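The values are calculated or read from the model by the stated rules, or taken from the named source; none is laboratory data. The shown structure was predicted, so the numbers you read here are calculated from the model rather than taken from an experiment. So basically every Cβ, Gly included, is an ideal-geometry build from the backbone, and we count neighbours across all protein chains shown. Please note that ligands, DNA and RNA were not included when accessible areas were found on the heavy atoms of the full protein model with its side chains. Shrake-Rupley method; radii C 1.70, N 1.55, O 1.52, S 1.80 Å.
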Amino acid sequence: MDMTQRFCACANLYLWAWRKAATRKMFGSSAFSGGSAAQNPNKDIAVTQPPNDSISKLAFSPTANYLIASSWDNNVRCWEVQENGQSEAKAEQNHSAPVLDCCWHVDGTKVFTASCDKTCKVWDLQTNQATPVAIHDAPIKSVAWIQAPNYSCILTASWDKTLKFWDLRQQTPVGQLQLPERAYCMDVMYPMAVVGTASRGLIIYTLEGGPAEYRSRNKRMCSYSQSFSPSQQKIDSPLKYQHRCVCIFKEKQGLPTGFALGSIEGRVAIHYANPPNPAKDNFTFKCHRSAVTGPGQTQDIFAVNCIAFHPVHNTLATVGSDGKFSFWDKDARTKLKTSEAMDQPISSCAFNCNGNICAYSVSYDWSKGHEHHSTQKKNSIFLRSVQEEMKPRSKKR
């Protein structure tokens, strides 16, 4: 599939989400349900009772070994995961349409879910009750919890070209920002937020005292704003094709300092927010591409579906439409490991809070359009021990 075909297939995701929402049958009981796992050539351990349809997002609790997964079967599920990789299904909640994203409250007691039904819900795990807390005029693509010293709220990014900030105690947003295009990806690590949109839009915000523009390329960091209505400036994307995923990374002191941005063209950009030497510090690298073994052979290029940084070593994992995961050391600019290929794309990945376990989901990612979706292939989530594999490359003496 060439770049034009891949772009069109990804752009049709919006329409396909609505078709699927109209025909999807919801679970009728409160019992946890799901399919069986596929075979794994990497010999990783399967999570019990996986979702019945494509998995859009994985996220571990920031406080304990609980894993959540949102899915195109309209559900979000929660498992308890042991350090030996064994898992137990705990609970699930649903929407009336596919769930595109999920995230945790900082204290690990609540989960937020973003759906094609245009709502975001808060799921209280202690009471197992889910309540709508946000609404948009189109499907919500991303959701994140913001925990600041002087305020806390959820941030939602939608295909209606808006960002909205929601206080859980109010029914209306406390702030709203207009995006240049539909939101395709978002990440938040206080005080930074990064949003990627259609047409390769890229915006960085500061969330200190309320959101404002963080910086624009070749300019110093902008002053903080106490308002929820800052002026906005589109940042030139370091990538040439549609954005697929973004993940913020931190410096040794624990503050966010930049982000990794993945595209449909098998490439990741490492971009620092305010680097001393942008031309030297910022770079891109190729990934999730087939090997070319001889002259005249063409190379297959696959989308980068998800990026996750290790919470201890600050190395990163990428997963792609080629059905592989790869581990990287961005500081040494080298690859640490590439997996054997699965029989389907890998759609998402996440590390647990101490970095011992990497979870990744194997399911169709819609990169080739709905006509290539097969109900015969199983959706799976696997757990991999990564204590040693994610360690950065030793520096040469």
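Data table
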quantity: Cβ pairs under 6 Å, 6+ apart, first in region 76-91 and within 14 Å of residue 352 (Cα to Cα) and in contact (Cβ under 8 Å) with a residue 24 or more places away in the chain, second part of a strand (DSSP E or B) and small (Gly, Ala, Ser); calculated: 78/91; 79/87; 79/89; 81/87
quantity: Selection within region 322-357 - open to solvent by 20 Å² or more (accessible area, probe 1.4 Å), under 20 Å from the mean Cα position of the chain (by Cα) and among the charged types (D, E, K, R); calculated: 322, 324
quantity: Meets criteria (small (Gly, Ala, Ser) and in contact with a strand residue (DSSP E or B) (Cβ under 8 Å, 6 or more places away or on another chain)) for residue 339; calculated: yes
quantity: Residue check for residue 262: open to solvent by less than 40 Å² (accessible area, probe 1.4 Å), on the phi > 0 side of the Ramachandran plot and either out of contact with any Lys or Arg (no Cβ under 8 Å at 6 or more places or on another chain) or touching a residue at least 12 places away in the same chain (Cβ under 8 Å) (or both); calculated: no
quantity: Number of the exception - residue 244 against (1) buried (at least 22 other Cβ atoms within 10 Å of the Cβ); (2) closer than 27 Å to residue 148 by Cβ; (3) of a type outside the set (Gly, Ala, Ser); calculated: (2)
quantity: Which numbered condition residue 142 misses (of (1) at pLDDT 95 or above; (2) in contact with a Lys or Arg (Cβ under 7 Å, 6 or more places away or on another chain)); calculated: (2)
quantity: Lone unmet requirement of (1) open to solvent by less than 20 Å² (accessible area, probe 1.4 Å); (2) out of contact with any Cys (no Cβ under 6 Å at 6 or more places or on another chain); (3) in contact (Cβ under 8 Å) with a residue 60 or more places away in the chain for residue 313; calculated: (1)
quantity: Residue 360 being assigned to a strand (DSSP E or B), of a type outside the set (D, E, K, R) and surrounded by 14 or more Cβ atoms within 10 Å (Cβ to Cβ); calculated: yes
quantity: Residue identified as under 25 Å from residue 241 (Cβ atoms) and small (Gly, Ala, Ser) among 158, 152; calculated: 158
quantity: The lone exception for residue 337 - which of (1) under 26 Å from residue 192 (Cα atoms); (2) not in a loop (DSSP other than H, G, I, E, B) it fails; calculated: (1)
quantity: Of all residues making up region 379-392, the number that are within 16 Å of residue 348 (Cβ to Cβ) and open to solvent by 40 Å² or more (accessible area, probe 1.4 Å); calculated: 0
quantity: Selection within region 61-93 - of a type outside the set (Val, Ile, Thr), in a strand (DSSP E or B) and under 16 Å from residue 142 (Cα atoms); calculated: 69, 70, 71, 75
quantity: Scan of region 310-322 for residues that are within 24 Å of residue 264 (Cβ to Cβ) and touching a strand residue (DSSP E or B) at 6+ places or on another chain (Cβ under 6 Å), ordered by number; calculated: 315, 316, 317, 318, 319, 320
quantity: Where residue 123 falls short, out of the listed (1) in contact (Cβ under 8 Å) with a residue 40 or more places away in the chain; (2) in contact with an Asp or Glu (Cβ under 9 Å, 6 or more places away or on another chain); (3) closer than 25 Å to residue 350 by Cα; calculated: (2)
quantity: Hits in region 128-137 - residues which are farther than 23 Å from residue 353 by Cβ and either without any contact (Cβ under 8 Å) to a residue 24 or more places away in the chain or open to solvent by 10 Å² or more (accessible area, probe 1.4 Å) (or both); calculated: 129, 130, 131, 132, 133, 135, 137
quantity: Any hit, region 140-156, residues being open to solvent by less than 40 Å² (accessible area, probe 1.4 Å), within 21 Å of residue 199 (Cα to Cα) and among the small types (Gly, Ala, Ser); calculated: yes
quantity: Pick from region 104-120, criterion in contact with a Phe, Trp or Tyr (Cβ under 8 Å, 6 or more places away or on another chain) and crowded, with 24+ Cβ neighbours inside 10 Å, ranking: nearest to residue 164 (Cα to Cα); calculated: 120
quantity: Conditions (1) surrounded by fewer than 24 Cβ atoms within 10 Å (Cβ to Cβ); (2) in a loop (DSSP other than H, G, I, E, B); (3) modelled with pLDDT of 95 or more; number of the one not met by residue 51; calculated: (1)
quantity: Residue selected from region 268-302 under the condition without any contact (Cβ under 8 Å) to a residue 12 or more places away in the chain and within 17 Å of residue 239 (Cβ to Cβ), by the criterion most open to solvent (accessible area, probe 1.4 Å); calculated: 279
